[in-house]
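The values are calculated or read from the model by the stated rules, or taken from the named source; none is laboratory data. Predicted model, so just to flag it, every value in this text is computed and none were measured. Cβ coordinates were reconstructed from backbone atoms using ideal geometry, including for glycine residues, and neighbour counts include every protein chain displayed. Heads up: the accessible areas ignore ligands, DNA and RNA and are worked out on the full protein's heavy atoms, side chains in. Shrake-Rupley method; radii C 1.70, N 1.55, O 1.52, S 1.80 Å.
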Amino acid sequence: MSAPVKTTCPYCGVGCGVLAYPDGRVKGDPDHPANKGRLCSKGSALGETLDTEGRLLAPQIGGQPAGWDAALDLVAQQFREAVENYGPDSVAFYGSGQLLTEDYYVANKLMKGFIGSANMDTNSRLCMASSVAGHKRAFGTDTVPGIYEDLELADLVVLVGSNLAWCHPVLYQRIAAAKVSRPHMRVVVVDPRRTATCDLADQHLAIVPGTDVALFNTVLSHISRHGAVDVAFSSRVSGLKKALLAAFEEDPKVTGLSDVEMATFCEAFTKTEKVVTVYSQGVNQACDGTDKVNAILNCHLATGRIGRPGMGPFSITGQPNAMGGREVGGLSNMLACHLDLDVSKHRAAVETFWQAPNLAQTAGFKAVDLFEAMADGQIRALWIMSTNPAVSMPEADRVRLAIKKCPFVVVSDVVARTDTSVLADVLLPAAAWGEKEGTVTNSDRTISRQRAFLPAPGEARPDWQIICDVAKRMGWIEAFGFTSPVEIFREHATLSGIAAEFGRDFDISAARDISDHDYETWEPRRWPFKREGGDGRFFGNGQFFTPNGLGRAVSVRQKPLAPRDQAYPFILNTGRVRDHWHTMTRTGKSARLSGHMAEPFVEIHPNDAKDEGVAPADLVKLETTDGTAILRARVTDCIPQGNLFVPMHWTAQWSSDGRVGGAIHASVDPISGQPALKFSRARLMSFQPVWYGFALSTQVFDPSTDYWALAKCKSGYSAELAGLQGVEDWSIFARELFGQGEKMESQVISPERGSARILLSQHGVLTGALFVSPRPVEVARGFLINHLGQPFNSNLLAGRPAVDQPDPGAAVCSCFNVGANTIRTAIESKGLRNVDEIGAALQAGTNCGSCRPELRSLLRSVLHESAQLNVAVE
Ligand code: SF4
């Protein structure tokens, strides 16, 4: 058996170490400090995403295959001409937190140092720009003060706007394990929704959306009133008096919390010395995201609970290398190595170091402004790297039009067809995870290696090489003459030493002369690289990176909440689901991951559903002033009344109308430029198909109907369908849907009832199935999927198992494919009483552990139902 390659997971900002085997198996790296051997459901399924199906394997110009030389020549020529004719600010790069640090570094260097514009922004703008801005206001630099161990050492962990159980599962598991070994640890979840993370919560504060500033100002005033301000530490903090005055003015009632809830939380925060506040997109993705961040930081600065074991504010990044992007200055208002674009001596230092002929002098366009400028015709050439803005940006339909309008668009990506790549003039095939070399930085500043363990397929090349090849063609041969990632790393590390001389925090200059061998064998290492007596934390000593060395409390006030809009009465919130990642280009390949949630949906409170006449599993049309989406209704009291939640992942490749970005309004935080992806006004409109369908096929098929959502499933693909017009002949429909070659083996069609059940087979194997009903189709999907590609059996026409056969139900445990019905039955029949007993009986929850909150929730509901039954019987 070949030895595994040590690499890093390409999904979230936890940055878990992965042992990858050339045969595609993956395991958690027990030696990696982020995960110590754990992986979540997404990380565990990485091996299923490595095939080359759908990969971009060769450069294309105008949709036609082209050689690398022709494609690179064209890109260099178009960018050069745009700069010559319209100036440097007429071109732009739009990158991604998926890029490795070395890729990011050369892209930033090319745009800001040589082309001469700062129009290099990234999808990290959508993710953590408000944290960056908040950090810089409070600390003078973009510094995450703490380390992951603090989450385990804390006595109180406050999770704000973070569904950690689904979005950063391994950190969630680390806290869960710490809570077991230190039972006095308390966890508070601040989130309008009751998410899976609440499974761990001692207190859930379901605040009114967008009232985080009021909440933390109330905490701050409570800290002050109860004498908990750390007098010695706060002498190292400027602005505290003003921040306190603002906090005293705050009205806690706007949060919607009861007096008891508020008092309990304030008291816990005030009295607990070891408190960590973890925050994520629920804080950042708001029009006042930066103020929210500073409201949290103020509480830690006032109490001096920062940069010491078990204490501190902790921003958790969404993407695998968002932090690395911040380090190289990958946002349009930053320079490399945490140097500032608006500080002339910083610019001069970078200019000298790079020997840059055209160093950018002013900030470039932030993401939302960039696409607006494109729509206005200001951007003549655009290069999109490893991201999918036609899905992920707010007002994504307008973004799509803006990209279409741009005269020259390059997309470098690993995937051939995305919602964005279809708009490109030139496509450049990039090497994917497992095929490229470089480094990434996770949320606690640990730099880890990504290593190749597979050859790049076709003509795919690493991003750093593609960027350098274009730069050289534009005339900057020496500055971009890198021949390997380690050479880029050395230059980056050297520049960080210069940044440190300017008093910047990011300093990895100890690695400036790293040998090829040491880079190759690099072990995860947190910056700043350990100094004498240092423990990897910042600010515990009261030294900050501001001009006077003091931390800054920032006076912030809760913004008034806009009154309810009668025309658009709902607040639309968006976010992630457990088993998908971003726009599904990787996780969509895994049947296991797709099985957890196979269709875009909208969560709606039961009372709202009743008022709107929406029944569970109905299709509904969500509408905002900017766009629409058609989604499956999930009626649940996990969402507060008046609110809707829609996942961000679905694209036009996987659904007809599930791309929610088109419906999100592009309002931004004025300081960070981060869009408010968690707050749009919306309404629900009726969408009334005359038929609903569920289809399965061993082959990929074109499900194009009035509504469709496609998903990978075991042995093939599944699709939910719906139509606004009747279908005359379901047999013909099925043949056209699946292709002519299939044999129509068995069917029951009832025109009077408007229903049809059709099974197709080839060589005695079930190859396709179609179930149609005038109402949302009620068949046992998990059961049918398990029979796809298996010996044909006409009994499957029933759409559900015979009484003596089990229907697994919707997948809960992705690792062992254990469905909800299987779990329910086992709880009832075997008398299971806790999650460990479920694991012992069914294996569910015993591998990655990502499903454990859902197992507990199922357990509670079954036990609750049976208790009610007993009461009824008694
Ligand atoms: Fe990857 Fe999961 Fe770890 Fe995030 S928590 S890095 S998705 S394995």
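Below are the figures for this structure:
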{"quantity": "Qualifying residue in region 773-783 (condition: touching a residue at least 12 places away in the same chain (Cβ under 8 Å), closer than 25 Å to residue 592 by Cβ, in contact with a helix residue (DSSP H, G or I) (Cβ under 7 Å, 6 or more places away or on another chain) and crowded, with 18+ Cβ neighbours inside 10 Å)", "calculated": "no"}
{"quantity": "Residue in region 182-193 that is part of a helix (DSSP H, G or I) and touching a residue at least 40 places away in the same chain (Cβ under 8 Å) present", "calculated": "no"}
{"quantity": "Every pair of residues 6+ apart whose Cβ atoms lie under 6 Å, when the first sits in region 164-177 and is of a type in the set (A, V, I, L, M) while the second is assigned to a helix (DSSP H, G or I) and more than 10 Å from the ligand (Cβ to nearest atom)", "calculated": "164/197; 165/196; 165/197; 165/853; 175/151; 176/200"}
{"quantity": "Unmet requirement for residue 348, which otherwise passes all of (1) over 24 Å from the mean Cα position of the chain (by Cα); (2) under 20 Å from residue 505 (Cα atoms); (3) not in a helix (DSSP H, G or I)", "calculated": "(3)"}
{"quantity": "Any hit, region 579-598, residues being more than 16 Å from residue 710 (Cα to Cα), within 16 Å of the ligand (Cβ to nearest atom) and of a type in the set (Val, Ile, Thr)", "calculated": "no"}
{"quantity": "Number of positions in region 424-446 that are part of a strand (DSSP E or B), within 14 Å of the ligand (Cβ to nearest atom) and not hydroxyl-bearing (Ser, Thr, Tyr)", "calculated": "1"}
{"quantity": "Which listed residue is more than 27 Å from residue 314 (Cα to Cα), free of Cβ contacts under 8 Å to residues at least 12 places away in the same chain, not basic (Lys, Arg) and not in a strand (DSSP E or B), from 76, 70", "calculated": "70"}
{"quantity": "Region 561-585, residues that are aliphatic (A, V, I, L, M), assigned to a loop (DSSP other than H, G, I, E, B) and crowded, with 23+ Cβ neighbours inside 10 Å", "calculated": "584"}
{"quantity": "Residue check, residue 569 more than 16 Å from the ligand (Cβ to nearest atom) and under 24 Å from the mean Cα position of the chain (by Cα)", "calculated": "no"}
{"quantity": "Answer residue from region 228-272, given it is of a type in the set (S, T, N, Q) and assigned to a helix (DSSP H, G or I) and is most open to solvent (accessible area, probe 1.4 Å) among those", "calculated": "264"}
{"quantity": "Counted residues, region 19-62 - those being among the β-branched types (Val, Ile, Thr), more than 10 Å from the ligand (Cβ to nearest atom), open to solvent by 20 Å² or more (accessible area, probe 1.4 Å) and not in a loop (DSSP other than H, G, I, E, B)", "calculated": "1"}
{"quantity": "Number of the exception - residue 822 against (1) more than 30 Å from residue 757 (Cα to Cα); (2) without any contact (Cβ under 8 Å) to a residue 40 or more places away in the chain; (3) part of a helix (DSSP H, G or I)", "calculated": "(1)"}
{"quantity": "Contacts under 7 angstrom Cβ, first residue in region 704-726 being over 15 Å from residue 774 (Cα atoms), partner surrounded by fewer than 19 Cβ atoms within 10 Å (Cβ to Cβ) and of a type in the set (Lys, Arg), 6 or more apart", "calculated": "712/589"}
{"quantity": "Among the residues listed as 694, 679, 733, 701, the single one being under 30 Å from residue 817 (Cβ atoms), among the hydrophobic types (A, V, I, L, M, F, W, C) and open to solvent by 10 Å² or more (accessible area, probe 1.4 Å)", "calculated": "701"}
{"quantity": "Leading residue by the ranking (nearest to residue 173 (Cα to Cα)) among those in region 6-18 that are more than 8 Å from the ligand (Cβ to nearest atom) and open to solvent by less than 60 Å² (accessible area, probe 1.4 Å)", "calculated": "17"}
{"quantity": "Verdict on residue 540 being under 27 Å from residue 312 (Cβ atoms), at pLDDT below 95, part of a loop (DSSP other than H, G, I, E, B) and more than 27 Å from the chain's Cα centre (by Cα)", "calculated": "no"}
{"quantity": "Residue check for residue 85: more than 16 Å from the ligand (Cβ to nearest atom), in contact (Cβ under 8 Å) with a residue 40 or more places away in the chain, in a helix (DSSP H, G or I) and open to solvent by less than 10 Å² (accessible area, probe 1.4 Å)", "calculated": "no"}
{"quantity": "Verdict on residue 3 being in a loop (DSSP other than H, G, I, E, B) and away from the ligand (no atom under 11 Å from the Cβ)", "calculated": "yes"}
{"quantity": "Residue match in region 256-269 (condition: small (Gly, Ala, Ser), closer than 16 Å to residue 559 by Cα and under 34 Å from the mean Cα position of the chain (by Cα))", "calculated": "yes"}
{"quantity": "Options 536, 497, 542: the member that is without any contact (Cβ under 8 Å) to a residue 40 or more places away in the chain, out of contact with any His (no Cβ under 9 Å at 6 or more places or on another chain) and open to solvent by less than 20 Å² (accessible area, probe 1.4 Å)", "calculated": "497"}
{"quantity": "Single residue of region 628-661 satisfying the filter (over 22 Å from the mean Cα position of the chain (by Cα) and of a type outside the set (Ser, Thr, Tyr)) that is surrounded by the most Cβ atoms within 10 Å (Cβ to Cβ)", "calculated": "633"}
{"quantity": "Qualifying residue in region 606-626 (condition: without any contact (Cβ under 8 Å) to a residue 40 or more places away in the chain and open to solvent by less than 10 Å² (accessible area, probe 1.4 Å))", "calculated": "yes"}
{"quantity": "Positions within region 148-178 being closer than 23 Å to residue 321 by Cβ and away from the ligand (no atom under 16 Å from the Cβ), in sequence order", "calculated": "149, 150, 161"}
{"quantity": "Residue tally, condition hydrophobic (A, V, I, L, M, F, W, C), out of contact with any strand residue (DSSP E or B) (no Cβ under 6 Å at 6 or more places or on another chain) and more than 30 Å from residue 127 (Cβ to Cβ), over region 666-712", "calculated": "2"}
{"quantity": "Residue within region 352-367 that is within 21 Å of the chain's Cα centre (by Cα), within 30 Å of residue 655 (Cα to Cα) and open to solvent by less than 30 Å² (accessible area, probe 1.4 Å) present", "calculated": "yes"}
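Here is a yes/no grid of residues against (1) within 16 Å of the ligand (Cβ to nearest atom); (2) open to solvent by less than 40 Å² (accessible area, probe 1.4 Å):
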| position | (1), (2) |
| --- | --- |
| 826 | no, yes |
| 830 | no, no |
| 835 | no, yes |
| 840 | no, no |
| 849 | yes, yes |
| 853 | yes, yes |
| 857 | no, no |
| 860 | no, no |
| 865 | no, no |
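Here's the yes/no breakdown for (1) over 20 Å from residue 583 (Cα atoms); (2) touching a strand residue (DSSP E or B) at 6+ places or on another chain (Cβ under 7 Å):
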residue: 379; (1), (2): yes, yes
residue: 385; (1), (2): no, yes
residue: 389; (1), (2): no, yes
residue: 399; (1), (2): no, no
residue: 403; (1), (2): no, yes
residue: 406; (1), (2): yes, yes
residue: 412; (1), (2): no, yes
residue: 416; (1), (2): no, yes
